[in-house]
Amino acid sequence: MTYKITDDCISCGTCADECPVGAITEGDGKYEIDPDKCIDCGTCAGVCPVEAPKPEE
Ligand code: SF4
Ligand code: SF4
């Protein structure tokens, strides 16, 4: 399981700075998580102001 950023993302960039493995990059209109890098720590969900990162099965 990894996290996935929903369309609620406002591209603030906070999660990308906080991700311990650098899995988050700026994508087209929102930030994106590389599922091959994500270790499912939940940090991005905790720092996001709009709760855009959600756990995905
Ligand atoms: Fe990075 Fe953790 Fe979010 Fe995965 S869950 S993208 S490892 S901050
Ligand atoms: Fe988007 Fe939330 Fe990450 Fe900001 S912290 S870039 S709003 S997912």
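The values are calculated or read from the model by the stated rules, or taken from the named source; none is laboratory data. All of these numbers come straight from a predicted model, not from anything done at the bench. Reconstructed Cβ throughout: ideal geometry from the backbone, glycine too, with neighbour counts over all protein chains shown. Accessible surface is based on the protein model in full, side chains and every heavy atom, while ligands, DNA and RNA are left aside. Shrake-Rupley method; radii C 1.70, N 1.55, O 1.52, S 1.80 Å.
Go through region 1-33 residue by residue and tally those that are in contact (Cβ under 8 Å) with a residue 12 or more places away in the chain, out of contact with any Lys or Arg (no Cβ under 9 Å at 6 or more places or on another chain) and open to solvent by 90 Å² or more (accessible area, probe 1.4 Å). Number satisfying all stated conditions: 3. Of the residues that make up region 23-33, is at least one more than 9 Å from ligand 1 (Cβ to nearest atom), among the charged types (D, E, K, R) and at pLDDT below 95? Checked region 23-33: at least one residue is more than 9 Å from ligand 1 (Cβ to nearest atom), among the charged types (D, E, K, R) and at pLDDT below 95.
For region 34-54, filtering for residues that are in contact with a helix residue (DSSP H, G or I) (Cβ under 7 Å, 6 or more places away or on another chain) and β-branched (Val, Ile, Thr) leaves 2. Say we look at region 39-57 and pick out the residues that are within 13 Å of ligand 2 (Cβ to nearest atom) and either in a loop (DSSP other than H, G, I, E, B) or modelled with pLDDT under 95 (or both); which of these is farthest from Lys4 (Cα to Cα)? The qualifying residue farthest from Lys4 (Cα to Cα) is Pro49.
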